[in-house]
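Peer 1: Quick one: the structure is below, questions incoming.
Every number in this text was worked out from the coordinates using simple rules, so none of it is lab data. Treat the numbers as computed from the prediction; the structure is a model and nothing was measured. Note that each Cβ is placed from the backbone with ideal geometry, even for glycine, and that neighbours are counted across all protein chains shown.
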Amino acid sequence: MILETLVVGPLQVNCYLLGCAETRQAVVIDPGGNPSEILAALRRNDLTLQRLIATHGHFDHVLAGRPLQQATAAALYLHGADRLMLAAMQRTALAWLGYDPGEPPKMNGDLRPGEEIKVGDIALEVRLTPGHSPGSVTLVDHAGRRAFTGDALFAGSIGRSDLPGGSSRTLLENIRTQILTLPDDYVILPGHGPASTVGEERSSNPFLAKGAPGF
């Protein structure tokens with residue numbers, strides 16, 4: 001499998017490009033900006049974009065969604081609990097960043113916990129991990145032994161829970177039951193910042209330490 005990480009958009013989102021080396025089909029996780037760079041990466045790897053997946057509906061993770069849909073006709077998938085958040089992308093970006101990113105992308109389907117998204121040899125298990133947002137998901141690539149955690153879990157930290165729809169208790173519970181239940185060698189690929197592993201976060205993340213609130 002082809003995997004490329006692009007740091008995109010005004011809030012430096014990790015956008016992940018996954019490609020099947022046999023079918024040349026691709027998935028983009030969290031298209032947070034810089035659509036021209038994402039399209040260039042697709043061309044560079046001789047890939048055709050089939051699906052856009054947002055780990056959650058915050059504007060910084062979907063800013064490139066509409067331009068990519070217009071350029072490739074790829075379908076966008078998001079958990080239904082963040083549908084209204086996606087619809088508010090334009091208004092939220094104006095409030096936070098002071099510029100109008102245009103209309104939000106079209107949401108083509110809901111992500112459902114337990115389903116497996118398959119594109120070529122790419123297979124991603126959807127795990128619901130709300131707390132940062134009501135519809136946050138983690139996408140687990142068991143073949144590659146890695147998890148795309150969005151803004152739920154970072155290297156040495158966890159996602160914000162003070163935004164609308166957030167809950168620290170819910171977030172910690174879902175990290176514990178949906179992410180830390182993975183084997184220690186699974187790589188954590190978060191929505192921002194460097195990669196880590198499940199074992200590293202289990203042993204050293206201060207928010208997940210024994211005795212910390214929720215643990």
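Peer 1: Using Cα pairs under 8 angstrom and six or more residues apart, how large is the relative contact order of segment 104-146, in percent?
Peer 2: Once normalised by length, the contact order is 27 percent.
Peer 1: Taking square-rooted eigenvalues a ≥ b ≥ c of the alpha carbon gyration tensor, is segment 21-74 rounded, prolate or oblate, where a/c under 1.5 means rounded and, failing that, a/b exceeding b/c means prolate?
Peer 2: Here segment 21-74 falls in the prolate category.
Peer 1: Determine the sum of side-chain charges near GLY114: Lys and Arg each +1, Asp and Glu each -1, restricted to other residues whose C-beta is under 10 angstrom from that of GLY114.
Peer 2: With Lys, Arg at +1 and Asp, Glu at -1, the net is -1.
Peer 1: How would VAL126, VAL27 line up from fewest to most surrounding beta-carbon atoms within 10 angstrom?
Peer 2: In increasing order of surrounding Cβ atoms, one gets VAL126, VAL27.
Peer 1: To continue, here is another question. Determine the gain in length on full extension of the stretch LEU163-ALA40; use 0.36 nm per residue of separation and subtract their C-alpha separation, reporting nm with one decimal.
Peer 2: Gain on stretching LEU163 to ALA40: 40.9 nm.
Peer 1: Further question: Which whole-angstrom value gives the distance between the alpha carbon centres of segment 66-99 and segment 112-189?
Peer 2: So the two Cα centres are separated by 20 Å.
Peer 1: For segment 2-208, what class follows from the C-alpha gyration tensor (a ≥ b ≥ c being the square roots of its eigenvalues): rounded when a/c is under 1.5, otherwise prolate if a/b is larger than b/c, else oblate?
Peer 2: oblate
Peer 1: With labels modelled as points extended 7 Å from the Cα through the Cβ direction, what inter-label distance (nm, one decimal) is found for THR48 paired with GLU103?
Peer 2: 2.5 nm
Peer 1: Let me ask something else about it. Relative contact order for the chain: what is it in percent, counting Cα pairs under 8 Å that are at least 6 residues apart?
Peer 2: 15 percent
Peer 1: Report, in debye and to the nearest 20, how large the dipole of the chain comes out about its Cα centre when Lys and Arg carry +1 and Asp and Glu carry -1 on their Cβ.
Peer 2: Result for the chain is approximately 220 debye, rounded to the nearest 20.
Peer 1: Which is farthest toward the positive dipole end of the chain among CYS15, GLN90, THR5, measuring Cα position about the Cα centre, with Cβ charges +1 (Lys, Arg) and -1 (Asp, Glu)?
Peer 2: Ranked along the dipole, the leading option is GLN90.
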